[in-house]
Each structure stands twice: as C-alpha cells, then as structure tokens.
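This report refers to the structure that appears directly beneath it.
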Amino acid sequence: MKKEFVVIGLGRFGGSIVKELIDLEADVMAIDISPERVDEYAPIATQAVVADTTDESVLRSLGIRNFEHVIVAIGENIQSSILTTLMLKEIGVPKITVKAQNDYHAKVLQKIGADNVVHPERDMGIRIANNMVSNNILDYLELSDEYSIAEIKASDKLVGFTLIDLDIRAKYGVNIVAIKRGKQILVSPQAIEKIQLEDILIVIGSDKDIHSFEKKAL
Ligand code: ADP
C-alpha cells in the first residue's frame, strides 16, 4: 500500500519534501495558504490545496485525520506553525513532524506534542562547518547534544591495518559501525577487516572523541 503524507507550507523546505516523497512513490497532499505556491506544486503533488491550516474546521474538512503522517514546514510564521501543530494534535493525527525556526520554537512544539521536531538549517550548518574544518570528515549527523555519527575518509596511515591492529575503540572511544567501499557497504565490519585505500569509515561516538580520532589517527 502507498504511504500517504500531508505537507503544510510549500517554501524551499516543504517543497523539497514534497518532491522527494513523490519520487519515493508516496501519495502527498500539499497545502499552502498562498495560491501561487499551490499552483507551482499542483502538477507534482498527488493533491494540492489552498488552505489556512490554523483553522481547525478546514483541516477537518480536508480529512487530514486519515493521513498517517503530517509535516508542518511553515517557516517564518512561528505563530501559524504552532497553531497548526496544535490543531493537528487536537484532531488526532497519528504522527506530526514540524520544522523549528529556533530553540524556543522547538521547545513549544515539543510541549504541545509534536512527535518529531527538525532543525534543517541548524543541522545543515553543523554538517557544513564540520566538513569545512576537516577535509576528512565527509558528513556529520548529530544524534544528541553530545553524540554524532560521522563519515570519515580513511587516510593512508590506516590502509592495510585491521580494526584489531588499529584498536580504535580502546584508543579513541569511537566505534566503526560500517565501512563504505565503492558501492559496497560493510555493516558491523569484522575485527579482522583490513582498511583499504579510499575506504570511508562510518563512526559513532561523542563529538569530542570523533574529533580526537580525526585529528590523531588520520
Ligand atoms: P522556507 O524557509 O522553507 O522557504 P517559508 O517560510 O518561505 O519556508 O515558507 C513557508 C510556507 O508556509 C509559505 O509558502 C507560506 O505561504 C506557508 N504558510 C504560512 N502560514 C500558513 C498557514 N497558516 N497555512 C498554510 N500555509 C501557510
């Protein structure tokens, strides 16, 4: 069965979610208060509707309750984002994901019961900054304030050694959870696996340990 989603707010963020979901073969109802934005997405989305989502009766008439997951991608207008989330909660939508503009906005969203609060600009800023300070860190994904997953290019210094030889967990406190080798991905690599040239290590650990591993081991 096809998955069904609603995307509210068709700015850059909401718009790219709509396009990606459609590419992933999901059904998407795209909603915006602006008719121009809705016109732009009408040929792409399964359904595109002009509506003010802070109005509970509008949400009910659109049958939003029957969708399994709604994403609120209203950016600038924090008040509308909060009110919309509240209405969605009130009508009993099973899963609500909301884009937060800042930490205060995120706190309120969590309080009123948003299931998932995302910070795309902040997260992308963190990923780009990490990539800028180190040529070896290819990607960086925050798991919490303290822990992250990083994709790190294996340097020549590591090539030819096994994970046992390198003893990375004991020395640096990070775990190699996977190795990307060309198109192949070795999940939970064996301790006897030898690092090869061009390997990309996917490591998990505290930010401090990941950075010390990246500085000292590579
Ligand atoms: P981004 O930063 O992702 O580009 P924007 O703030 O530009 O986000 O876009 C948010 C979208 O949300 C706009 O297209 C705006 O018309 C829409 N929007 C704002 N308030 C409402 C509302 N009450 N109901 C529906 N859509 C809304």
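For every helix of n ≥ 4 consecutive DSSP H residues, a contribution of -39,500 (n - 2.57) applies; sum these over the chain, divide by its total residues, and give [θ] at 222 nm rounded to the nearest 500 deg cm²/dmol. The partial results should precede the final answer.
Details: 9 runs with 80 residues, N = 218.
It lands at -10500 deg cm²/dmol.
Return ASP156, ASP209 ranked ascending by Cβ neighbour count within 10 Å, so the fewest neighbours appear first.
Working: ASP156 9, ASP209 21.
Going from sparsest to densest Cβ surroundings: ASP156, ASP209.
Given a Förster distance of 30 Å, report the FRET efficiency between GLU198 and ARG12 from their Cβ-Cβ distance, rounded to the nearest 0.05.
On the way: r = 34 Å, r/R0 = 1.13.
For R0 = 30 Å, the calculated efficiency reads 0.35.
For region 110-209, which trypsin sites (Lys or Arg not before Pro) are in a loop by DSSP, counting at most 15 other Cβ atoms within 10 Å? Before the final figure, lay out the partial values.
On the way: sites: LYS111, ARG122, ARG127, LYS153, LYS157, ARG169, LYS171, LYS180, ARG181, LYS183, LYS194, LYS208; in loops: LYS157, LYS183.
Passing sites in region 110-209 are LYS157, LYS183.
Can you tell me the dipole magnitude for the chain around its Cα centre, using point charges on the Cβ only (Lys, Arg +1; Asp, Glu -1), in Debye to the nearest 20? Don't skip to the end; give the middle numbers.
Numbers: 25 positive and 33 negative charges, 118 e Å.
My answer is approximately 560 debye.
For region 61-160, compute Rg over Rh where Rg is the Cα radius of gyration and Rh is the Kirkwood radius from the inverse mean 1/r over Cα pairs. Provide the component values of the computation, followed by the final result.
Working: Rg = 18.1 Å, Rh = 15.7 Å.
A ratio of 1.15.
Test of the criteria: in region 131-218, which GluC sites (Glu not before Pro) are in a DSSP loop and have at most 13 other Cβ atoms within 10 angstrom of their Cβ? Before the final figure, lay out the partial values.
Values: sites: GLU142, GLU146, GLU151, GLU193, GLU198, GLU214; in loops: GLU146, GLU193, GLU198.
Passing both the DSSP loop test and the Cβ count: GLU146, GLU198.
Filter the cross-link list LYS157/LYS216; LYS171/LYS208; LYS153/LYS216; LYS180/LYS216 down to pairs whose alpha-carbon distance in this structure exceeds 19 Å.
Details: LYS157/LYS216 11 Å; LYS171/LYS208 13 Å; LYS153/LYS216 14 Å; LYS180/LYS216 21 Å.
Pairs exceeding 19 Å: LYS180/LYS216.
What is the angle, in °, between the Cα long axis of helix 120-133 and the longest principal axis of the Cα atoms in the chain? Nearest 10 is fine, range 0 to 90.
Relative to the chain, helix 120-133 is tipped by roughly 20 degrees.
List residues of region 168-199, by number, whose backbone nitrogen lies under 12 Å from a label position 7 Å along Cα→C-beta of PHE161.
168-172, 195
May I ask you to compute the full-extension gain from TYR147 to SER212, defined as 0.36 nm times their residue separation minus their alpha-carbon distance, rounded to one decimal in nm? Numbers along the way, then the final one.
Values: separation 65, 0.36 × 65 = 23.40 nm, distance 1.35 nm.
Full extension from TYR147 to SER212 adds 22.0 nm.
If you project the alpha carbons of region 165-211 onto the principal axes, what extent comes out on each, in Å, largest first?
That gives 30, 20, 18 Å along the principal axes, largest extent first.
Please list, short to long, the whole-number percent of alpha-carbon pairs of region 4-118 in consecutive 5 angstrom bins beginning at zero.
Taking all Cα pairs of region 4-118, the binned fractions are 2, 13, 27, 26, 21, 10, 2, 0 percent.
Quick one: work out Rg over Rh on the C-alpha atoms of region 31-71, Rh as Kirkwood radius.
Details: Rg = 10.4 Å, Rh = 10.8 Å.
Value, to two decimals: 0.96.
Between ARG65 and ALA42, what FRET efficiency comes out of the Förster formula 1/(1 + (r/R0)^6) with R0 = 25 Å and r the beta carbon distance, rounded to 0.05? Don't skip to the answer; put the middle values down first.
Details: r = 23 Å, r/R0 = 0.93.
It comes to 0.60.
Go through region 191-208 residue by residue and turn each phi into a ³J(HN,Hα) via Karplus (6.51, -1.76, 1.60, θ = phi - 60°); whole Hz please, and just put x for glycine and proline.
Residue by residue, region 191-208 yields 5, 8, 5, 8, 6, 10, 4, 6, 5, 10, 8, 9, 10, 10, x, 6, 4, 4 Hz.
For labels at ASP139 and ALA191 in the simple 7 Å Cα→Cβ model, what's the distance in nm?
The two pseudo-label positions are separated by 2.9 nm.
List the extent of the Cα atoms of the chain along each of their three principal axes, largest first, rounded to whole Å.
Principal extents (largest minus smallest coordinate, Cα): 64, 34, 28 Å.
Taken together, the values in this text are just the output of simple stated rules run on the coordinates, not laboratory data. Please read these numbers as outputs of a predicted model, since none were measured by experiment. Neighbour counts run over all protein chains shown; Cβ positions are idealised from the backbone, glycine included.
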